[in-house]
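Read through the structure below, which is laid out as structure tokens, and then see the notes.
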Amino acid sequence: MFIQTQVFQSKPFAYIILFTMQPYLQLIRLPLLPSALGNICLGAISAGLSQSDSISFILLLFSSAFLYASGMVWNDYFDAKIDAIERPERPIPSGKISLKTSAFFAASLMALGIMFAFSSELLRGFSGTTLTIASAIALFVLAYDAGGKNFIFGPLLMGSCRFFNVLLGWSVVGQPLPEIAYLQAGIIGIYIVGVTWYAKNEAVESNRISLAAASLVIIFALFIGLIFPTFKHPAITPTSLYPYLFFLLMARVTNALWKGIQDPAPRNVQLGVVTCLKSLVLLDCILTIGIAGWVGLWILLLLAPNLIMNRFKKLYAT
């Protein structure tokens, strides 16, 4: 007992928190949480976020974070029997968190997500747009996790979650959403459709044809993003470096996807999925630059917590 106490005292407080909260942090896929926040930043900055919208913006960040986290927990809740066979070390099948507790945890996170969206809207004068979008995210999350993922339209449900997440960011200014908002959200949505399809059989050896088809969907989304500044809209002020930034992103993602196609072993496919998901912050950043200019670089700050959390190997991302 004395030795254990000394070990804990010699570690930073953050390590102690991570140790005790580890099963819950694993459930919510903490390393990928910044990708959800990046969607909000993409929409909000593109919409013309001002200082007067700052509190509403912060509330929407919390809303997105809790809705995203609830989706991760619901995923493990509904997959408990499968994970007992394929991933017995995870919090629910290993017994670290009971099935009942995980359901309560997921429901609480989802309720908080909707509550924060409602609070954000109240600050601007209630119109129903933000609350409707947050509710749509919650519905698509449940539809996907509760069984929709097992059907051919499963990736579309997940893509819809991200589509509405970007729109949630756009809703921060309280104005009717412009057409460009739906186009921008569509790029993220299609990208996630492809990533979800690619990840469909990540726990076992995947089918090369399926991986190739999913990769084409991802590349298609990135191609739309590449030509995004060519769409005529007064809000778009493209920079000369925009296409070069996009080519670098496409090279990073394509390389990871190709490794999985060459050798569809779980490790390679999961690496491709994680690369695509972590590249979401970069995609958000570049798309923001395509509309708002270099202010979009602030989104890169979301990479900092990601790099820190990568040091904790037990906080898995898939």
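Quick note: the coordinates plus some simple rules give every number you see, no bench work behind them. In this text, all values refer to a predicted model and were calculated from it rather than measured experimentally. No Cβ is skipped: glycine too gets one built from the backbone with ideal geometry, and neighbour counts run over all protein chains shown.
Data overview
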{"quantity": "Net charge contributed by nearby residues that have their C-beta within less than 14 Å of Asn255 (K/R +1, D/E -1)", "calculated": "+2"}
{"quantity": "Exceeding the 23 Å Cα-Cα cut-off - candidates Lys200/Lys259; Lys81/Lys259; Lys81/Lys149; Lys149/Lys278", "calculated": "Lys81/Lys259"}
{"quantity": "Length released on extending from Glu86 to Ala111, taking residue separation times 0.36 nm less the Cα-Cα span", "calculated": "6.0 nm"}
{"quantity": "FRET efficiency, Arg267 to Leu307 (Cβ-Cβ, R0 25 Å, nearest 0.05)", "calculated": "0.70"}
{"quantity": "Extension reserve of the Phe247-Gln51 stretch, reckoned as 0.36 nm per residue once the Cα distance is removed", "calculated": "67.3 nm"}
{"quantity": "Mean residue ellipticity (222 nm) of the chain, computed from DSSP H runs ≥ 4 via -39,500 (n - 2.57), nearest 500", "calculated": "-23000 deg cm²/dmol"}
{"quantity": "Counted charge near Ala36, where neighbours are those whose Cβ lies closer than 14 Å (Asp, Glu -1; Lys, Arg +1)", "calculated": "+2"}
{"quantity": "Linear extension gain, Leu99 paired with Thr239, 0.36 nm per residue minus alpha-carbon span", "calculated": "45.4 nm"}
{"quantity": "Segment 124-270: C-alpha pair distances exceeding 18 Å, %", "calculated": "63 percent"}
{"quantity": "The chain pair-distance distribution - Cα-Cα, 10 Å bins, rounded %", "calculated": "6, 26, 35, 23, 8, 1, 0"}
{"quantity": "Dipole-positive endmost among Val204, Thr288, Leu277 within segment 172-293 (Cβ charges, Cα centre)", "calculated": "Val204"}
{"quantity": "Computed magnitude of the charge dipole of the chain (debye, nearest 20; Cβ of K, R +1, Cβ of D, E -1)", "calculated": "580 debye"}
{"quantity": "Whether segment 67-191 is rounded, prolate or oblate, judged on the alpha carbon gyration tensor where a/c under 1.5 counts as rounded", "calculated": "oblate"}
{"quantity": "Summed side-chain charge close to Ser56 - residues other than Ser56 whose Cβ falls under 12 Å, Lys, Arg +1, Asp, Glu -1", "calculated": "-1"}
{"quantity": "Alpha carbon centroid spacing (whole Å) that separates segment 51-96 from segment 102-140", "calculated": "15 Å"}
{"quantity": "Farthest positive-ward along the chain dipole, Cα basis, beta-carbon charges - from Ala265, Val173, Leu25", "calculated": "Ala265"}
{"quantity": "FRET efficiency, 1/(1 + (r/R0)^6) with R0 25 Å, evaluated for Ser210 and Trp298 via beta carbons", "calculated": "0.10"}
